[in-house]
Amino acid sequence: MRQQATALREVDGIEIPAPGVWEIDAAHSSVGFVVRHLMIAKVRGQFELKEGSVTIGQTPEQTSVTATTDTFRPRAYERSPG
């Protein structure tokens, strides 16, 4: 079941969605990262998302993300200035 965050509330001056469990659209989502190698090159990686959800708690500390990913697929080394 998909829910759309329509109700917002304010916590410590920041608007956040109402408490609940929200499904991540795995077909349009991925997890990516960048790591510097020897401070010369950036190595980029990406995991395709199989499924996931975000649980919005009463406080930000009670909020969590759960995700299941596909096999890691590294991208080619990309050089970047310093």
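Worth a mention:
- ³J(HN,Hα), Karplus 6.51/-1.76/1.60, whole Hz, each residue of the range 38-47, x for Gly, Pro: 6, 6, 10, 10, 9, 10, 10, x, 8, 10
- For Thr69, distant residues with modelled amide H under 5 Å away: Lys50
- Burial order of peptide ranges 21-30, 48-57, 7-16 (average beta-carbon count within 10 Å, highest first): 48-57, 21-30, 7-16
- Between amide H atoms placed 1.01 Å from N, distances below 5 Å from Thr63 occur with Gly57, all of them 5 or more places distant or on a separate chain.
FYI, it's all coordinate maths here, none of it is from the lab. Remember, it's a predicted structure, so these values are computed and weren't measured experimentally. We place every Cβ from the backbone using ideal geometry, glycine too, and count neighbours over all the protein chains shown.
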